[in-house]
Amino acid sequence: MREATQESGRRDPVDVRLGVRLAGLRAERGWSLDELARRSGVSRSTLSRAERGEISPTASLLGKLCAVHGRTMSQLLGEVEAAPAQLVRAAEQTVWTDESAGFVRRSVSPPHPGMRAEVVEARLAPGADLAYDAPPVPGMEQHIWMLEGIVEITVGETTHELRPGDCLRFRLWGPTRFRCPGPDGARYAVVVLP
C-alpha cells in the first residue's frame, strides 16, 4: 500500500471516495472493524486507514474486501464514480494503480449499477505476480483476451499461458493467479459477468 496523497500533498480523491464507500459497506452490515478484519484477514489498522482514505489499497486488499462484500472490483470502483454515463471517453475512464504489485487497471465500461457485464483493461509489469484467494462473487464468469505480452493465469490447479490474440474463459470458484513472466509487460482485456 502507498500513502494516498498526490504531488500537492492532498489525498487522492478516488482513494477518499473509495474509503467512504468501504466504510459504508461495513456499516450496512453492522460490522465493527474487528469483525471485518476477522472476515477478510486484513488487519484492523489497515482497514481503518483505507476507510479514511489515508492509504491507496493494493489489488490484494481490494480483492479480499470485494470477496467479503460480494462485489467485483469493477462494481466497487464504479460505486465511487459520479452518476452513470453511457459513454466514457478514454481520458475519463477510471484508472487504478497498485504500484507495488506492478498492476494497472482501467475500467473501460461506463459504470452503471443496473448493468452486469464489465470490460476492464489490465496491465502487468514484467515479473508482476498477483494472487487472489477467492473470487469476489463465486461463479463469476471471466473472459480474458490477451492484447500484448504473455501472462500465465492459474485458475484453481490449472495454469494457462496466454499470448496476444488468445482468449481464456472460465467461471471463478477458487483461487486465481496472474503472472507476467516478462521480459516485457502484458496488456489484456477482461470481460466480467458476475
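The residue that is least open to solvent (accessible area, probe 1.4 Å), among those in region 96-151 that are of a type in the set (Ser, Thr, Tyr) and in a strand (DSSP E or B), is 107. For the residues 78, 53, the requirement of being in contact with a Lys or Arg (Cβ under 7 Å, 6 or more places away or on another chain) and not hydrophobic (A, V, I, L, M, F, W, C) singles out 53.
Scanning region 125-138 for residues that are aliphatic (A, V, I, L, M), touching a Pro at 6+ places or on another chain (Cβ under 8 Å) and more than 19 Å from residue 100 (Cβ to Cβ) turns up at least one hit.
Within region 155-163, can one find any residue that is among the polar types (S, T, N, Q) and not in a loop (DSSP other than H, G, I, E, B)? Yes - at least one qualifying residue is present in region 155-163. A search for C-beta distances below 9 Å between a residue of region 60-78 that is at positive phi and any residue that is crowded, with 23+ Cβ neighbours inside 10 Å and modelled with pLDDT under 90, counting only pairs 6+ apart in sequence or on different chains, returns 70/136.
Number of residues in region 160-180 that are closer than 13 Å to residue 190 by Cα and touching a residue at least 40 places away in the same chain (Cβ under 8 Å) equals 1. Taken as a whole, the structure leaves residue 173 outside the set of residues that are closer than 26 Å to residue 40 by Cα, surrounded by 18 or more Cβ atoms within 10 Å (Cβ to Cβ) and not aliphatic (A, V, I, L, M). Given the criteria modelled with pLDDT under 95, within 18 Å of the chain's Cα centre (by Cα) and of a type in the set (A, V, I, L, M, F, W, C), does residue 128 qualify? Judged against the criteria, residue 128 is not a match.
Checking every residue in region 38-45 against the condition of being closer than 20 Å to residue 103 by Cβ, under 19 Å from the mean Cα position of the chain (by Cα) and at pLDDT below 90 gives zero matches. Would it be correct to say that residue 80 is open to solvent by less than 40 Å² (accessible area, probe 1.4 Å) and at pLDDT 85 or above? In short, no.
Here is the figure for region 18-35: residues that are among the acidic types (Asp, Glu) and open to solvent by 50 Å² or more (accessible area, probe 1.4 Å) total 2.
The values are calculated or read from the model by the stated rules, or taken from the named source; none is laboratory data. Given the structure is predicted, the values throughout are model-derived calculations rather than measurements. Don't worry about glycine lacking a Cβ; one is built from the backbone with ideal geometry, like all the others, and counts go over all protein chains shown. To get the accessible areas, we keep the full protein, side chains included, count just its heavy atoms, and leave off ligands, DNA and RNA. Shrake-Rupley method; radii C 1.70, N 1.55, O 1.52, S 1.80 Å.
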